[in-house]
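Below: one structure, written as structure tokens.
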């Protein structure tokens with residue numbers, strides 16, 4: 001398995017070789033390991049089991065929506081989910097090497113997330129333009145409307161854009177946009 005250092009070197013070479021002008025990152029699972037957050041969730045489960053179970057219920061609701069079920073996503077669900085997730089995050093989750101690589105990018109940097117984002121980035125000690133898909137389009141990744149706002153509102157040129165993510169949803173969104181995609185998981 002490649003080290004994070006090797007992955008970042010390969011990404012730098014890819015960015016240079018393909019004349020990439022902008023890079024977007026999925027947040028959860030791409031910038032920090034979800035296994036660590038899940039371990040924190042398990043640890044907190046007995047302190048507030050109802051809140052922890054509610055977190056899982058909302059997550060399942062979103063996955064069902066992605067599968068095409070007509071599930072309504074309420075603003076209160078998003079707020080509840082994000083507040084709980086943020087309680088599990090801190091700067092130590094993002095590897096220092098990844099943090100330094102992010103700062104060294106001389107490209108337009110976006111953080112593309114299904115929900116939330118700004119507070120999450122602050123908790124992780126990162127800065128950048130957050131694109132909250134659910135808030136801006138009422139859709140979760142992948143969806144054509146997300147591609148429309150990426151090109152229209154944010155001026156992303158698909159042929160010169162790289163999206164980094166850890167799930168099929170990220171790869172599918174990059175494909176809808178017509179941009180490059182690379183898998184990244186710390």
Residue tally, condition farther than 13 Å from residue 88 by Cβ and touching a helix residue (DSSP H, G or I) at 6+ places or on another chain (Cβ under 8 Å), over segment 28-52: 2
Check on residue 98, in a helix (DSSP H, G or I), surrounded by 14 or more Cβ atoms within 10 Å (Cβ to Cβ) and more than 13 Å from the chain's Cα centre (by Cα): yes
Matching option when the condition is over 19 Å from residue 21 (Cα atoms) and either touching a strand residue (DSSP E or B) at 6+ places or on another chain (Cβ under 6 Å) or not assigned by TED's automatic domain parsing to the domain that holds residue 65 (or both), among 132, 170, 108: 132
Failed item, numbered, when residue 143 is tested on (1) touching a residue at least 60 places away in the same chain (Cβ under 8 Å); (2) under 16 Å from the mean Cα position of the chain (by Cα): (1)
Hits in segment 72-95 (condition: farther than 19 Å from residue 29 by Cβ and surrounded by 14 or more Cβ atoms within 10 Å (Cβ to Cβ)): 73, 77, 80
Meets criteria (touching a strand residue (DSSP E or B) at 6+ places or on another chain (Cβ under 6 Å) and buried (at least 16 other Cβ atoms within 10 Å of the Cβ)) for residue 55: no
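The values are calculated or read from the model by the stated rules, or taken from the named source; none is laboratory data. Fair warning: this is a prediction, and the values are worked out from it, not measured in the lab. Heads up, the Cβs are rebuilt from the backbone with ideal geometry, glycines too, and the neighbour counts pull from every protein chain shown.
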